[in-house]
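The values are calculated or read from the model by the stated rules, or taken from the named source; none is laboratory data. Since the structure is predicted, the reported quantities are computational estimates derived from the model, not experimental observations. Here the Cβ is made from the backbone with ideal geometry for all residues, glycine too, and neighbour counts use every protein chain on show. The accessibility values were calculated without ligands, DNA or RNA, using every heavy atom of the protein model including side chains. Shrake-Rupley method; radii C 1.70, N 1.55, O 1.52, S 1.80 Å.
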Amino acid sequence: MKKLVSVLVLLCLAGACFADDSMFFSVSGLIKSDLFKNQSKIEELSKDLSSTEKLTLYSQYKKDQWVPFLINFLVGCGVGSFVEGDTTGGVIALGSDLAGIACMLVGAVAKDLPSDSNITNGLGVGAMLFGYTLVLGSRIFEIIRPFTYTARYNSTLKQSLNYFEGLSFEPSVVPSCNNGVAGLSFACKVRLN
């Protein structure tokens with residue numbers, strides 16, 4: 001009878017351990033697929049995760065803004081935003097850069113066309129100035145965007161995981177055996193994250 005009870009307790013504990021692992025991997029998959037679309041599902045599932053698992057997920061998926069910033073600064077065209085996973089920022093930057101370059105090219109061609117009037121020449125210069133302004137504005141956007149996107153992403157990740165840096169309290173029930181008597185003990189972990 002004792003062996004049967006011991007086996008049942010071990011099976012229950014093993015099932016709980018594997019259930020926690022599947023929950024961890026479910027949340028990880030949801031974050032990986034799309035954090036913003038799956039935010040409510042992640043919030044619901046992460047309630048059952050320990051603070052250690054939340055810290056692991058946050059550390060694994062938090063974004064850093066410096067590499068996308070440098071790529072956007074050096075290469076342009078929103079490449080750094082695409083690398084970071086910010087499709088919206090990348091499309092805006094790419095479209096602005098391409099439109100600005102197109103305006104500069106059209107303006108240069110219009111300015112150099114042989115014409116008797118100064119209207120074509122003036123339109124060419126205006127288009128070139130508009131193109132330069134658009135490219136400059138796009139470059140400023142590309143420099144700022146990685147910082148704003150990363151701050152929003154990391155904040156949403158923390159909120160979704162219900163993970164807050166600072167003090168964490170993790171209660172747990174632990175099986176114990178004292179002097180041949182099986183039982184359950186209550187344990188708490190309090191730590192600074």
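Scanning the range 146-166 for residues that are among the aromatic types (Phe, Trp, Tyr), open to solvent by less than 90 Å² (accessible area, probe 1.4 Å) and at pLDDT below 85 turns up just one, 163.
The set of residues in the range 50-84 that are within 25 Å of residue 171 (Cβ to Cβ) and free of Cβ contacts under 8 Å to residues at least 40 places away in the same chain comprises 53, 56, 59, 60. Quick one: would you say residue 28 is in a helix (DSSP H, G or I), open to solvent by 40 Å² or more (accessible area, probe 1.4 Å) and small (Gly, Ala, Ser)? So residue 28 does not fit the description; no. Can you confirm whether residue 169 is touching a strand residue (DSSP E or B) at 6+ places or on another chain (Cβ under 6 Å) and at pLDDT below 75? Against the criterion (touching a strand residue (DSSP E or B) at 6+ places or on another chain (Cβ under 6 Å) and at pLDDT below 75), residue 169 qualifies.
If we keep just the residues of the range 115-133 that are aliphatic (A, V, I, L, M) and open to solvent by 50 Å² or more (accessible area, probe 1.4 Å), which is modelled with the highest pLDDT?
Of the residues in the range 115-133, the ones aliphatic (A, V, I, L, M) are 119, 123, 125, 127-129.
Adding the requirement that they be open to solvent by 50 Å² or more (accessible area, probe 1.4 Å) leaves 119, 123, 125, 129.
Details: 119: 64, 123: 82, 125: 86, 129: 94.
Within the range 115-133, the match that is modelled with the highest pLDDT is 129.
When you check residue 190 against the structure, is it among the β-branched types (Val, Ile, Thr), loosely packed, with under 12 Cβ neighbours inside 10 Å and modelled with pLDDT under 95, yes or no? Taking the combined requirement at face value, the residue satisfies it. The set of residues in the range 36-81 that are open to solvent by 20 Å² or more (accessible area, probe 1.4 Å) and either of a type in the set (A, V, I, L, M) or within 16 Å of residue 139 (Cβ to Cβ) (or both) comprises 45, 55, 67, 69, 70, 71, 73, 74, 75, 77, 79.
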